[in-house]
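Take a look at the structure set out below.
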Amino acid sequence: MSFSTNQMFKYLHIMCLQDNPRLYLQLIDMGLQQNPLNEDNIISIIDQFLSRDTDPEQKVLFAQRKVEFLEDFGNDILRYVIVCLLSTLLVKITYGLCIHTSQRVIGKTGKFL
């Protein structure tokens with residue numbers, strides 16, 4: 001049985017409902033192989049992953065991929081700047097929360113919660 005690119009793209013898109021980052025990466029890769037390249041389609045795949053309730057570190061990685069994609073293929077400098085700022089904010093929030101949740105201290109006693 002042979003699948004066309006569009007059929008495979010639709011199949012992977014449905015499979016992404018399982019919240020598997022590898023499937024999203026496959027969708028992005030397939031989008032990069034299309035000619036002509038559809039910037040909005042790839043950005044929407046990344047945004048779909050970022051909107052999910054998933055591992056914060058995976059979100060940071062996808063936000064960085066979004067920045068890199070726009071660096072390489074983007075046509076709108078304003079969009080790129082906004083994505084860079086949001087990605088930086090996500091990194092600070094994600095790793096700031098990791099630090100605070102793993103090192104909560106009560107007053108001057110130095111006891112961890």
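The values are calculated or read from the model by the stated rules, or taken from the named source; none is laboratory data. Remember, predicted model here, so these are calculated numbers, not experimental data. For neighbour counting, all protein chains shown are included, and Cβ atoms are generated from backbone atoms with ideal geometry for every residue, glycine included.
Screening Lys92 with (1) surrounded by 12 or more Cβ atoms within 10 Å (Cβ to Cβ); (2) within 16 Å of the chain's Cα centre (by Cα); (3) at pLDDT below 90 gives one miss only, at (1).
Only one of the numbered conditions (1) modelled with pLDDT under 85; (2) among the hydroxyl-bearing types (Ser, Thr, Tyr); (3) in a helix (DSSP H, G or I) is violated by Thr109, and that is (3). Of the residues making up the stretch 47-61, just one is of a type in the set (Val, Ile, Thr) and in contact with a Leu (Cβ under 8 Å, 6 or more places away or on another chain), namely Val60. Counting the residues of the stretch 53-66 that are in a helix (DSSP H, G or I) and either surrounded by fewer than 17 Cβ atoms within 10 Å (Cβ to Cβ) or touching a residue at least 40 places away in the same chain (Cβ under 8 Å) (or both) gives 6.
Per the listing Leu37, Leu25, the residue uniquely closer than 25 Å to Asp72 by Cβ, at pLDDT 90 or above and assigned to a loop (DSSP other than H, G, I, E, B) is Leu37. Gln34 satisfies every condition listed in (1) more than 25 Å from Thr94 (Cα to Cα); (2) of a type in the set (S, T, N, Q); (3) free of Cβ contacts under 8 Å to residues at least 12 places away in the same chain except (3).
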